[in-house]
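Beneath this line is the structure, given in structure tokens, with notes to follow.
The values are calculated or read from the model by the stated rules, or taken from the named source; none is laboratory data. In this text the structure is predicted, and so the values were computed from the model without any measurement. Here Cβ is always computed from backbone atoms with ideal geometry, including for glycine, and neighbour counts include all displayed protein chains.
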Amino acid sequence: MDADLELQRAILDIGIPPRPEILAHLEAEAKKESPDYRQIEKLISADVGISAALIKTINSPFYGLRTKVSSIHQAISLLGMSSVTRVVTGMALRTIASGANLADIEGHLEASAQMALVTGYIARKLSGVDCEQAFTFGLFQNCGTLLLMARRPGYKKILELAHRSPEKLITHTEIDHMGISHASIGSLMAKEWGLGESITEAIWYHHDYGEFVEQHIKKLSTEKLNLDETQALIALGLLAERAIYWNSGFEQTAEWQAGGQIALDYFGFTPGAYQEIVENVQGLLGQTC
């Protein structure tokens, strides 16, 4: 069967969930010349789960706020509409996993939250990288995993098989067994939710560390171009993932072997500079446990 046709059939079978209503309302309000912050506060507060998760996320050590946030009003005042909307977008990820076993998805949701915080944290250490874009990419990088957990009953076993085969890229195992990967389905969902071209492309290619990234690195070294947002997000995601799982053997996986040095070179990290970031991330994660 033609690969594109197989992908299309798999997408139709799985279905891409529409963007939650709360996000459409927040975006519409944010676009107004004078946003009604009381209305925004009301929209967010109406969902107890999202409200609690928003305040918990903003009070995490990664944001480094001197004063703890205790209300949605405070969150909007301190961080601004754009940042709050991005965090709420991430909280809405829970809605796509309805139908999956709660115990199965909680770990993935927590991992997505950690990825968002760490990618945002590392992005703040770099010039030319949008921290909010990095945060959103971290949240949605593996959203396809959540969707497949909810829509494909046998996906959990495929994921377990992939994790038992660290010498092989996860997406290759998925395609071998399903004809589709979490990267491709996640990218299509990001597009449906209006997350922008850079994030959509970065999700699609975030396990492709070959020619896609290497060609641009060569251009950077010869033409001194500015960082490309899609390339930067892909490299940043890999650095963040390794920093999070530093003590769990992640450096031995096919992921790091395929793209680790590319990601370090992309931002010009020396081993010492990156190690310092790893240690800081481990310390911050320790504070959140």
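Considered as a group, the residues in the stretch 108-117 that are closer than 16 Å to Gln287 by Cβ and crowded, with 17+ Cβ neighbours inside 10 Å include one that is modelled with the lowest pLDDT, and that residue is Ala113.
Each row is one residue, and each column tells you yes or no for (1) buried (at least 22 other Cβ atoms within 10 Å of the Cβ); (2) part of a helix (DSSP H, G or I); (3) over 13 Å from the mean Cα position of the chain (by Cα).
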site	(1), (2), (3)
Val84	yes, yes, yes
Val88	yes, yes, yes
Glu106	no, yes, yes
Thr119	yes, yes, no
Glu132	no, yes, no
Thr145	yes, yes, no
Leu148	yes, yes, yes
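Is it the case, given these coordinates, that Leu188 is in contact with a helix residue (DSSP H, G or I) (Cβ under 7 Å, 6 or more places away or on another chain), assigned to a loop (DSSP other than H, G, I, E, B), closer than 19 Å to Gly138 by Cβ and not aromatic (Phe, Trp, Tyr)?
Working: in contact with a helix residue (DSSP H, G or I) (Cβ under 7 Å, 6 or more places away or on another chain): yes; assigned to a loop (DSSP other than H, G, I, E, B): no; closer than 19 Å to Gly138 by Cβ: yes; not aromatic (Phe, Trp, Tyr): yes.
No, not satisfied.
Contact map, the stretch 160-180: first residue assigned to a loop (DSSP other than H, G, I, E, B), second residue surrounded by 14 or more Cβ atoms within 10 Å (Cβ to Cβ) and of a type in the set (Asp, Glu), Cβ cut-off under 9 Å, separation 6 or more or different chains; pairs are Pro166/Glu255; Leu169/Asp208; Leu169/Glu255; Gly179/Glu6; Ile180/Glu6; Ile180/Glu174.
Scan the stretch 36-82 for residues that are among the polar types (S, T, N, Q), closer than 17 Å to Ser112 by Cα and part of a helix (DSSP H, G or I) and jot them down. If the condition is that a residue be among the polar types (S, T, N, Q), closer than 17 Å to Ser112 by Cα and part of a helix (DSSP H, G or I), then Thr57 is the only one that fits. Cβ-Cβ distances below 9 Å connect the following pairs, each with a first residue in the stretch 43-62 that is over 17 Å from Leu26 (Cβ atoms), a second residue that is not in a helix (DSSP H, G or I), and a separation of six or more residues or different chains: Asn59/Leu65; Asn59/Lys68; Asn59/Val69; Asn59/Ser70. Taking Ile50 and the conditions (1) buried (at least 18 other Cβ atoms within 10 Å of the Cβ); (2) modelled with pLDDT under 80, which numbered condition does it fall short on, given that it satisfies the others? Answer for Ile50: the failing condition is (2).
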